[in-house]
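Written below as structure tokens is the structure these notes are about.
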Amino acid sequence: MSVEELEALLSVQERDAALDRLRHRRTTLPERDDVESRRAQLDAKQAALAGVRARRQTVLAEERRLDDESRATGERADDVDKRLYSGSVTSPRELQAMQADLDMLRRQRSDLEDLELEVMEQREALDAEVEGLETEIAALEADVARLRTAIAGAEADIDAAIAEESNARDAAAKPVGDALLRDYERRRTQNKGAGAARLVGTTCQACHLTIPSTEAERIRRAAGNEVAYCDNCSAILVP
């Protein structure tokens, strides 16, 4: 182990820190949260649309039933009206009964038409609600597609930077012995990022805590002959 190895190890640490930042940036792209937000809105709108469509089908079925019943009632009224004025019936009592039937059928038809109009208004309101939700859903889907395209582009740029940084990291690690590199990587994993750090004065630049001045001086004198560690965070210290 030499001073050159320790200096190279610091370069490896710098490259690893840069890679950590790039990977963190990749996983925390702000567009990801935006996509999740839009997806949640989209799911809610689609559920709402399914509910409105179901209500519309029920109302539409009722509208058609009323229309069919109104037509049938009107046809019966027309038949009675034709018979009433055809001259084929001469009995005053029967004519009076037919007139009463005709009046009743016309009232029924009028009532059915009034109901049908109310139901038609409900269906038209639901039609408008469906159209509005479909427009909102289309806009959200477009937003999701745009954000995913932006994410893919950002990921491609970051992946290229990661590849470049990884190559630089491999080059920086070449002078470092296997045992020292393994020790560094183990400590880096334990410290969640800091496996080696510069010792400036009596301060470790990984944890920014101080070590005794006598220990710092001993580490400087022994540089290149032994591996020193921070008493606080256990990172490899490079004076």
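The values are calculated or read from the model by the stated rules, or taken from the named source; none is laboratory data. Bear in mind the structure is a predicted one, so any value in this text is a computation, not a measurement. Using ideal geometry, Cβ is built from the backbone for each residue, glycine included, and neighbour counts are taken over all protein chains shown.
Looking only at the range 197-225, residues that are outside any loop (DSSP other than H, G, I, E, B) and more than 49 Å from the chain's Cα centre (by Cα) come to 10 in all. Among the residues of the range 167-176, is any surrounded by fewer than 12 Cβ atoms within 10 Å (Cβ to Cβ), among the acidic types (Asp, Glu) and either in the same structural domain as GLY195 (by TED's automatic domain parsing) or closer than 30 Å to GLY195 by Cα (or both)? Within the range 167-176, one or more residues are surrounded by fewer than 12 Cβ atoms within 10 Å (Cβ to Cβ), among the acidic types (Asp, Glu) and either in the same structural domain as GLY195 (by TED's automatic domain parsing) or closer than 30 Å to GLY195 by Cα (or both).
Would you check if ASP43 is at pLDDT 95 or above and acidic (Asp, Glu)? Talk me through it step by step, then tell me what you get.
Numbers: at pLDDT 95 or above: yes; acidic (Asp, Glu): yes.
Spelling it out, ASP43 is indeed at pLDDT 95 or above and acidic (Asp, Glu).
Just so you know, in the range 158-196 the residues that are assigned to a loop (DSSP other than H, G, I, E, B) and under 13 Å from ALA17 (Cα atoms) include one that is modelled with the highest pLDDT, and it is GLY195. Scanning the range 51-68 for residues that are buried (at least 16 other Cβ atoms within 10 Å of the Cβ) and under 17 Å from LEU105 (Cβ atoms) yields a total of 1.
For the range 1-41, give me each residue that is β-branched (Val, Ile, Thr) and within 15 Å of GLU141 (Cα to Cα).
Step one: list which residues in the range 1-41 are β-branched (Val, Ile, Thr), which gives 3, 12, 27-28, 35.
VAL35 - this is the single residue of the range 1-41 that is β-branched (Val, Ile, Thr) and within 15 Å of GLU141 (Cα to Cα).
Taking the conditions exactly as written (within 41 Å of the chain's Cα centre (by Cα) and in contact (Cβ under 8 Å) with a residue 60 or more places away in the chain), does ALA154 satisfy them or not? Write out each step before concluding.
On the way: within 41 Å of the chain's Cα centre (by Cα): yes; in contact (Cβ under 8 Å) with a residue 60 or more places away in the chain: yes.
Here the answer is yes, as ALA154 does meet what is asked.
What about VAL130, is it more than 11 Å from VAL52 (Cα to Cα), β-branched (Val, Ile, Thr), out of contact with any strand residue (DSSP E or B) (no Cβ under 9 Å at 6 or more places or on another chain) and in a helix (DSSP H, G or I)? Spelling it out, it is not the case that VAL130 is more than 11 Å from VAL52 (Cα to Cα), β-branched (Val, Ile, Thr), out of contact with any strand residue (DSSP E or B) (no Cβ under 9 Å at 6 or more places or on another chain) and in a helix (DSSP H, G or I). Only residues that are touching an Asp or Glu at 6+ places or on another chain (Cβ under 9 Å) and either under 30 Å from ARG32 (Cβ atoms) or without any contact (Cβ under 8 Å) to a residue 24 or more places away in the chain (or both) were counted in the range 107-143, giving 1.
Would you confirm, using the coordinates I've provided, whether ALA48 is farther than 17 Å from ALA145 by Cβ, in contact (Cβ under 8 Å) with a residue 24 or more places away in the chain and in contact with an Asp or Glu (Cβ under 7 Å, 6 or more places away or on another chain)? For ALA48, the condition - farther than 17 Å from ALA145 by Cβ, in contact (Cβ under 8 Å) with a residue 24 or more places away in the chain and in contact with an Asp or Glu (Cβ under 7 Å, 6 or more places away or on another chain) - is not met.
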